[in-house]
Amino acid sequence: MSQEMVSQKLQRTCDGCGLVKVWEMVNIQERPEQIEEMQAWYTVVREVFMPGEGFIKMMVQTCSADCLNKAAEKLKLPEPEPVPEESDSIDLAALQAPKQYLQ
């Protein structure tokens, strides 16, 4: 064989605790403990509708079940901005100056 892959790395960062893990993927079948370690990770996907974009998938990865709740916080959508009141619904009485200032 004239060529051989000598390096192929996979890096994951836990979205819960920030742990960074790197695995060497060449000859992975020969390292069952590494396969077990990789399978211990969780991936959570949330599908949301974004106007103008359609459905998109947001994803987090965690190194353990203990990190799931903290990582899931990153999947929350921002609170919608309040809709400004229309000009027809302005409370004019609230804008009037008190009578003591009108003399």
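The numbers here are math on the coordinates, done by the rules we state, and not lab data. Worth saying up front: this structure is predicted, and the values here are computed from it rather than measured. Every residue, glycine among them, receives a Cβ derived from its backbone with ideal geometry; neighbour counts consider all protein chains shown.
Side notes on the structure shown:
- Spin-label model, Arg31/Glu73: points 7 Å from Cα along the beta carbon direction are separated by 3.2 nm.
- Prolate/oblate/rounded label for the chain (Cα gyration tensor, a/c 1.5): prolate
- Mean separation of Cα contacts under 8 Å, 6 or more apart, over the residue count of the chain: relative contact order %: 22
- Reachable lysines, given that their alpha-carbon falls under 28 Å from the alpha-carbon of Lys57 and they are not under 8 places away in the same chain: Lys9, Lys21, Lys70, Lys74, Lys76
- Residue-span extension gain [Glu81 to Met38] - 0.36 nm each, minus C-alpha spacing: 11.5 nm
- Residues Cys17, Cys67, arranged from fewest to most other Cβ atoms within 10 angstrom of their Cβ, appear as Cys17, Cys67.
- Amide hydrogen neighbours beyond the local backbone of Met25, cut-off 5 Å, H modeled: Gln8, Lys9, Leu10
- For region 9-75, a simple Cβ point-charge model (Lys and Arg +1, Asp and Glu -1, everything else neutral) yields a dipole of about 200 debye relative to the Cα centre.
- Sorted fewest first by neighbouring Cβ atoms within 10 angstrom, Ser64, Ser7 come out as Ser7, Ser64.
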